[in-house]
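Student: Below is one structure. I have some questions about it.
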């Protein structure tokens with residue numbers, strides 16, 4: 001049994017106040033991290049997301065990024081700047097009149113909104129991971145249908161658990177200071193960690209498929225070191241030979257990010273069953289912050305690796321052109337190589353881009 005469902009575990013008022021205040025201050029830290037990550041990657045977002053042709057991946061990106069941002073800003077704003085009339089302004093958690101019931105209802109509604117935002121952000125990140133794994137396997141139908149079936153099962157289960165959690169769990173308003181208020185969840189159901197176990201199964205599935213593809217890729221590149229001399233000269237002259245290939249970045253992120261998600265679910269489960277009271281709010285905030293950061297980074301890293309070489313090749317080739325004094329730029333003519341074979345045997349077209357981009 002978890003300490004959160006054990007009726008014999010009742011913290012003292014001082015302990016409850018200490019746990020709650022530290023947890024909400026940590027939420028402010030996580031909000032800052034999420035917003036700062038968005039600010040530092042906004043230039044890449046404009047260049048690689050906004051200016052590109054519309055696709056389903058971009059829709060997942062916007063949901064993952066902006067719903068994740070709003071979830072933290074909403075929770076932090078409600079905690080710090082919500083009007084006083086939606087919080088109990090007494091020393092008691094509840095009042096035996098309609099006013100107290102109204103306050104509890106409003107506090108519960110705040111928790112429901114945050115819960116659903118967190119689920120939407122998490123599911124959009126999982127959708128991004130599914131898209132990446134399918135791309136790794138070159139859109140094989142078996143892989144596509146298997147992952148879609150697993151994702152649909154996970155999505156339906158997450159929605160059902162979210163509805164059940166919202167109906168069963170209540171939140172008690174607790175003013176910490178005059179400017180810091182909190183909603184303390186009570187009546188936790190015993191099946192609360194079920195979603196984490198589902199996520200662990202799904203992330204393990206994603207992780208195994210990514211590792212298997214990485215092993216196959218490593219064996220293939222070790223056996224086939226085929227590269228034309230012209231391509232070697234081009235890569236050496238542009239500095240592309242020292243850069244990781246597109247597929248290497250795809251494999252790296254597709255292994256690392258599901259593994260991080262798996263670790264977050266493990267720590268959430270440990271916090272529920274084994275760690276001291278109050279540890280759950282730290283691990284859950286980290287997990288919630290990880291969803292928009294990992295999901296968006298997965299797209300930005302891959303698109304940056306896909307588009308950057310073309311810009312660098314055009315820039316370097318343009319700089320290498322020497323125009324004679326008697327010639328105008330319009331009369332100068334040059335041709336760029338059409339294709340280059342990368343070490344992973346993927347063909348790239350210099351000066352252009354493939355429509356089937358990440």
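Student: Would you mind telling me which numbered condition in (1) buried (at least 18 other Cβ atoms within 10 Å of the Cβ); (2) at pLDDT below 90; (3) touching a helix residue (DSSP H, G or I) at 6+ places or on another chain (Cβ under 6 Å) residue 245 fails?
Tutor: Failing condition for residue 245: (3).
Student: Give the residue that is modelled with the highest pLDDT, with candidates limited to residues of the range 63-91 that are farther than 30 Å from residue 45 by Cβ and in a loop (DSSP other than H, G, I, E, B).
Tutor: Keep residues of the range 63-91 that are farther than 30 Å from residue 45 by Cβ, which gives 83-91.
Now narrow it down to the ones that are in a loop (DSSP other than H, G, I, E, B): 83, 87-91.
On the way: 83: 57, 87: 49, 88: 47, 89: 41, 90: 43, 91: 43.
Result: 83.
Student: Return the residue satisfying two criteria in turn: it lies in the range 24-44 and is surrounded by 14 or more Cβ atoms within 10 Å (Cβ to Cβ) and farther than 18 Å from residue 280 by Cα, and of such residues it is modelled with the lowest pLDDT.
Tutor: 44
Student: Return a yes/no flag: does the range 299-306 have any residue that is at pLDDT 90 or above and part of a helix (DSSP H, G or I). Quick ask: steps written out before the conclusion?
Tutor: We begin by selecting, within the range 299-306, every residue at pLDDT 90 or above; these are 299-300.
Those still in the list that are part of a helix (DSSP H, G or I) too: 299-300.
So far as the range 299-306 goes, yes, one or more of its residues are at pLDDT 90 or above and part of a helix (DSSP H, G or I).
Student: Further question: Check whether at least one residue in the range 15-23 is buried (at least 17 other Cβ atoms within 10 Å of the Cβ), modelled with pLDDT of 85 or more and outside any loop (DSSP other than H, G, I, E, B), and report yes or no.
Tutor: no
Student: Touching a helix residue (DSSP H, G or I) at 6+ places or on another chain (Cβ under 7 Å), at pLDDT 70 or above and in a strand (DSSP E or B): is that true of residue 185 in this structure?
Tutor: The answer is yes for residue 185.
Student: When you go through (1) at pLDDT below 90; (2) within 18 Å of residue 288 (Cα to Cα) one by one for residue 215, which number turns out not to apply?
Tutor: (2)
The values are calculated or read from the model by the stated rules, or taken from the named source; none is laboratory data. Values in this document were obtained by computation on a predicted structure and should not be read as measured data. Note that each Cβ is placed from the backbone with ideal geometry, even for glycine, and that neighbours are counted across all protein chains shown.
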